[in-house]
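Structure record follows, encoded as structure tokens.
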Amino acid sequence: MKIGLQVFRFDWQGSPANIGQHFLEIARRADANGFASLWVMDHYFQMEMVGNPAEPMLEAYTALSFAAAATQNIRLGALVTGANYRHPGFLIKSVTTLDVLSGGRAYLGIGAGWYEREALGLGLPFPPLAERFERLEETLQIAHQMWSTEPVAAYAGAHYHLAEPINQPSAQSQPHPPILIGGGGEKKTLRMVAQYGDACNLFMQMGMDNLQHKLDVLKGHCDTVGRDYATIEKTTLGMVNLAEGAQAVIDTCRQLAGIGIEHAIFNLMDYTDLTQLDVFGKEIIPAVADL
């Protein structure tokens, strides 16, 4: 099993004056301790269920590019990009650029988007839910087209029209940066994972039984579209409190691996004490590597 780290808040001790320096130290420590991936949210306001919308928040792809220059091995992604926030051609160009500059370490994490307050607050598009899913699917189609080796051809969808989607230099990841689709919607989201995705992401907090159910639904969609379920990376996102000890995290990872999860991504309760990352590197990551 692989372990990833998401940085979902930037209001640690010394923030905002030390945001850049401390974020880079998080990235470097995670890389040195063997984390497989580093993620930031694609939000412009802090989520209301976490804190105050006026708390510090960084734009995802600027932050990831900043981290790329300070790391060597860790993969980088937004968990997850709101498809409504960027035109697909621009988004795929941005992720391709991150992949090229990082030496092939980018993910495209993506979803339909949900945080209406930040969208309206900044004047960003926020169409109705059904249309957001339509735009997400067209974005996934455009990603596959722009990352293919086929000759450049126009794309014409219901919402997006790209006359000449040139994408050079091409991504270093082969065959392309892995596409991780976030969410557990059984009719649309998991069907899109089966049809277009390389990875799914589910919330660990839904519990093992519900996670198993979502994976079973995903497998059913794979069977329907003729996709090999084994080729999809199964990931989760959850919160960790190391005050409970490293063994509790190891036990959780063992449960996740038992239902087929391959990559567990964790948020920390507090990003001030970076010795937590050393505990992962010394105790947790080696203990779960063979799960």
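The values are calculated or read from the model by the stated rules, or taken from the named source; none is laboratory data. What you are looking at is a predicted structure, and each value in this text was computed from that prediction instead of being measured. Don't worry about glycine lacking a Cβ; one is built from the backbone with ideal geometry, like all the others, and counts go over all protein chains shown.
Considering only region 62-90, state which residues are more than 25 Å from residue 266 (Cα to Cα), in contact (Cβ under 8 Å) with a residue 24 or more places away in the chain and surrounded by fewer than 24 Cβ atoms within 10 Å (Cβ to Cβ).
Residues satisfying the conditions are 84, 87, 89.
Looking at region 236-256 only, could you name the residues that are touching a residue at least 60 places away in the same chain (Cβ under 8 Å) and farther than 14 Å from residue 202 by Cβ?
Hit for region 236-256 is 253, nothing else.
Being assigned to a strand (DSSP E or B) and touching a residue at least 60 places away in the same chain (Cβ under 8 Å) is the filter; apply it to region 27-52 and report the residue that is nearest to residue 287 (Cα to Cα).
So, considering only residues that are assigned to a strand (DSSP E or B) and touching a residue at least 60 places away in the same chain (Cβ under 8 Å), the one nearest to residue 287 (Cα to Cα) is 37.
Taking the options 136, 120, 124, 98, name whichever one is farther than 28 Å from residue 67 by Cβ and among the hydrophobic types (A, V, I, L, M, F, W, C).
Only one candidate qualifies: 120.
Hey, any hits in region 74-83 for a residue that's in contact with a strand residue (DSSP E or B) (Cβ under 9 Å, 6 or more places away or on another chain), of a type outside the set (Val, Ile, Thr), assigned to a loop (DSSP other than H, G, I, E, B) and under 26 Å from residue 282 (Cβ atoms)?
Within region 74-83 (the criterion being in contact with a strand residue (DSSP E or B) (Cβ under 9 Å, 6 or more places away or on another chain), of a type outside the set (Val, Ile, Thr), assigned to a loop (DSSP other than H, G, I, E, B) and under 26 Å from residue 282 (Cβ atoms)), the answer is yes, since at least one residue qualifies.
Any chance region 85-103 includes a residue that's of a type in the set (A, V, I, L, M) and farther than 29 Å from residue 72 by Cβ?
no
Going residue by residue through region 272-288, is there one that turns out to be of a type outside the set (Gly, Ala, Ser), in a strand (DSSP E or B), surrounded by 14 or more Cβ atoms within 10 Å (Cβ to Cβ) and touching a residue at least 40 places away in the same chain (Cβ under 8 Å)?
No; the residues of region 272-288 include none that is of a type outside the set (Gly, Ala, Ser), in a strand (DSSP E or B), surrounded by 14 or more Cβ atoms within 10 Å (Cβ to Cβ) and touching a residue at least 40 places away in the same chain (Cβ under 8 Å).
Are any of the residues in region 136-144 of a type in the set (Ser, Thr, Tyr), within 21 Å of residue 160 (Cα to Cα) and modelled with pLDDT of 95 or more?
The answer is yes; a qualifying residue exists.
Tally time: how many residues in region 256-275 are within 26 Å of residue 56 (Cα to Cα) and either of a type outside the set (Gly, Ala, Ser) or at pLDDT below 95 (or both)?
Of the residues in region 256-275, 11 are within 26 Å of residue 56 (Cα to Cα) and either of a type outside the set (Gly, Ala, Ser) or at pLDDT below 95 (or both).
Within the set of pairs 6 or more residues apart or between chains, which connect a residue that is free of Cβ contacts under 8 Å to residues at least 60 places away in the same chain and closer than 17 Å to residue 137 by Cβ inside region 155-177 to a residue that is of a type in the set (Val, Ile, Thr) and buried (at least 18 other Cβ atoms within 10 Å of the Cβ) with Cβ atoms less than 7 Å apart?
Note: pairs meeting the criteria are 155/142.
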